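Everything on this sheet refers to the single structure shown next.
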Amino acid sequence: MKLGPLSMLGERDYRVLWIGLLISDIGTWMQIAGLGIYAAETTGKASWVGLITTVTYLATGLLAPFGGTLSDRHDRRLLIGGSCVIQAAISTLLVLALHTEHDSPLTLWALAGLQGVLLAVAIPAINSMVPDIVKRERVSGAMSLLQVTWNGGRSLGPVVAVIVIARGSYDWVFALNGLSFVVLALLMLLLPNQLRHHSEGGTIERLLEGISELRATPASRRPLAIAVAEMSLIAPFIGLIPAMAQVTLHGKAVDTGHLFAAQGIGSMLGVLVIASLVPRFGQERTLSFVIVAACVLAIAYALSPTVLIAVLLVLPLSGFHTSSFAGACALVANNAHPRLRGRMLGIFSSATNLCYALSSVALAFIADLVGLRAVLVASAVAMLTGFVIGRRKATRSRARVAVGSVESIR
């Protein structure tokens, strides 16, 4: 009988890491939601909401490859713990900015960006640590279960943030996030020392080798292209949730919390959806279905007349979005050479984060000019059109290869 991912919590070291990440991710999403709500209330502009809520992804996308290099050369638990301590200090600065009225959107944007820089150090270290604390055959299940902490935090964090804001103030949201980082840092001390790994070649040289391998491997290049397009044209609905709830649908802060909660729940269910469909239909067919469904739901979500309908639509939309991202990532991992898999997945993560951050900001500014609904609909239509055209070209290419193989045999 095969054990499911939840059985990983029976292993002490993994359980410590998982609990710490869950607490920290709840705090992180409390702050992301809190900053988005604050920006929407104080500026009334979707552009500032997009800038503040996506700067973390931008910083992480730019620096994650270098964070991966650090994780190979230093004790990973100390890198994670040190990163958490500095992020706790930045959360304290956010509290001070509110109390001293130095809370301009630019200040909040800069502090959120600094935390993104620290995440670029922590995330590769966390992902690299998993194979060190679990058996090789259980790495896949362990990595899947880590997605629950992020999406669980995405679901619970905004709800807690709205409650805290209603009963206290914004500074309590940032203070609690800082405390969550401290908890994770302390839990890292309970884990065994991590070995330091020294790989050959310089950072740039190794990254270029990974890029060359991606370009030379169509089976990995295509899912990367799909993921980049999806993160650029569909995924920005996440960062723009506060604008959708409070600017487009004229709701309140609590409505932003409801949308964020639905988005987190839908994302967790999405992991289960793709896991159940892949064995029956295969990775590529499942990915195609998920992409088309995500585009259709994105259009419906953009046209939502009320907050309630938007909440009902964001549940499946988020599930298909998460499934498409996970499916593309799995295809890259499965088709990558073992010696280059880490670099290729690092490039995958960097490219998707950067595209999400830059596209979210660009779409937010365009939304201020033409409206958020029009932007989301146009993006989804562009994604669907590009995907259909790309799939037809890939099918024709495979057909030509098959015909050529038959002729060569004759």
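The values are calculated or read from the model by the stated rules, or taken from the named source; none is laboratory data. These numbers come from a predicted model, not from an experiment. Counting neighbours? That spans all protein chains shown, and the Cβs are built from the backbone with ideal geometry, glycine included. The accessibility values were calculated without ligands, DNA or RNA, using every heavy atom of the protein model including side chains. Shrake-Rupley method; radii C 1.70, N 1.55, O 1.52, S 1.80 Å.
Along Cα→Cβ, 7 Å out, is where each label goes; now give me the distance between the ones at R221 and H250 in nm to one decimal.
About 5.1 nm separates the two model spin labels.
Strictly greater than 15 Å: what percent of every Cα pair in the stretch 231-316 meets that? Spell out each step's value before the answer.
Details: 2180 of 3655 pairs.
Summing the P(r) of the stretch 231-316 above 15 Å gives 60 percent of all pairs.
Once you sort the root eigenvalues of the Cα gyration tensor of the stretch 67-116 as a ≥ b ≥ c, which label holds: rounded (a/c under 1.5), prolate (a/b larger than b/c) or oblate (the other case)?
Note, shape of the stretch 67-116 comes out oblate.
Decide, for the stretch 6-97, between rounded, prolate and oblate: order the square roots of the alpha carbon gyration tensor eigenvalues as a ≥ b ≥ c, take rounded if a/c falls under 1.5, and otherwise choose prolate if a/b is larger than b/c, else oblate.
Details: a/c = 2.18, a/b = 1.67, b/c = 1.30.
Prolate, because a/c is 1.5 or more and a/b exceeds b/c.
Given 0.36 nm per residue, what is the gain on full extension from T107 to E41 after removing their alpha carbon distance, in nm? Provide the component values of the computation, followed by the final result.
Working: separation 66, 0.36 × 66 = 23.76 nm, distance 1.60 nm.
22.2 nm is the gain from fully extending T107 to E41.
Work out how much length V85 to I204 would gain on full extension: take 0.36 nm times their residue separation and subtract the Cα-Cα distance, in nm to one decimal.
Details: separation 119, 0.36 × 119 = 42.84 nm, distance 2.87 nm.
My answer for the length gained is 40.0 nm.
With a 1.4 Å probe and all protein chains kept in place, how do F237, F289 rank by accessible area, largest first?
Values: F237 5, F289 110 Å².
Greatest to least solvent exposure: F289, F237.
How much FRET efficiency would the formula 1/(1 + (r/R0)^6) give for L312 and R15, where r is the Cβ-Cβ distance and R0 is 25 Å, rounded to 0.05?
On the way: r = 35 Å, r/R0 = 1.40.
It comes to 0.10.
Keeping every protein chain in place, order H102, H74, H250, H321 by accessible area at 1.4 Å, biggest value first, i.e. largest first. Please list the in-between numbers first.
On the way: H102 120, H74 75, H250 150, H321 15 Å².
Output order, biggest surface exposure first: H250, H102, H74, H321.
Using θ = phi - 60° and the Karplus relation 6.51 cos²θ - 1.76 cosθ + 1.60, list the HN-Hα couplings for the stretch 175-186 in order, rounded to whole Hz, with x at every Gly or Pro.
Using θ = phi - 60°, the values come out as 5, 5, 5, x, 5, 5, 5, 4, 4, 5, 4, 5 Hz.
With r as the distance between the Cβ atoms of S169 and V388 and R0 = 41 Å, compute the FRET efficiency 1/(1 + (r/R0)^6) and round to 0.05.
0.25
Could you please put F365, F387, F325 in sequence from largest to smallest accessible area, using a 1.4 Å probe?
On the way: F365 100, F387 20, F325 65 Å².
Sorted descending by solvent-accessible area, the residues read F365, F325, F387.
Round to the nearest 10 and report in Å² the accessible area of D75, as given by a 1.4 Å probe over the protein chains' heavy atoms.
Number for this one is 20 Å².
Can you give the accessible area of S318 in Å² (nearest 10), computed on protein heavy atoms with a 1.4 Å probe?
0 Å²
Would you kindly state how much longer the chain becomes between L186 and A378 on full extension, computed as 0.36 nm times their sequence separation minus their alpha carbon distance, in nm to one decimal? Don't skip to the end; give the middle numbers.
Values: separation 192, 0.36 × 192 = 69.12 nm, distance 4.63 nm.
Result: 64.5 nm gained on full extension.
Assuming a ≥ b ≥ c are the square roots of the Cα gyration tensor eigenvalues, decide whether the stretch 42-176 counts as rounded (a/c under 1.5), prolate (otherwise, with a/b larger than b/c) or oblate. Numbers along the way, then the final one.
Values: a/c = 2.15, a/b = 1.72, b/c = 1.25.
Here the stretch 42-176 falls in the prolate category.
Compute the signed sum of charges (Lys and Arg +1, Asp and Glu -1) over the other residues within less than 15 Å, Cβ to Cβ, of S379. Display every interim value, and only then the final one.
On the way: positive: R373; negative: E230.
With Lys, Arg at +1 and Asp, Glu at -1, the net is 0.
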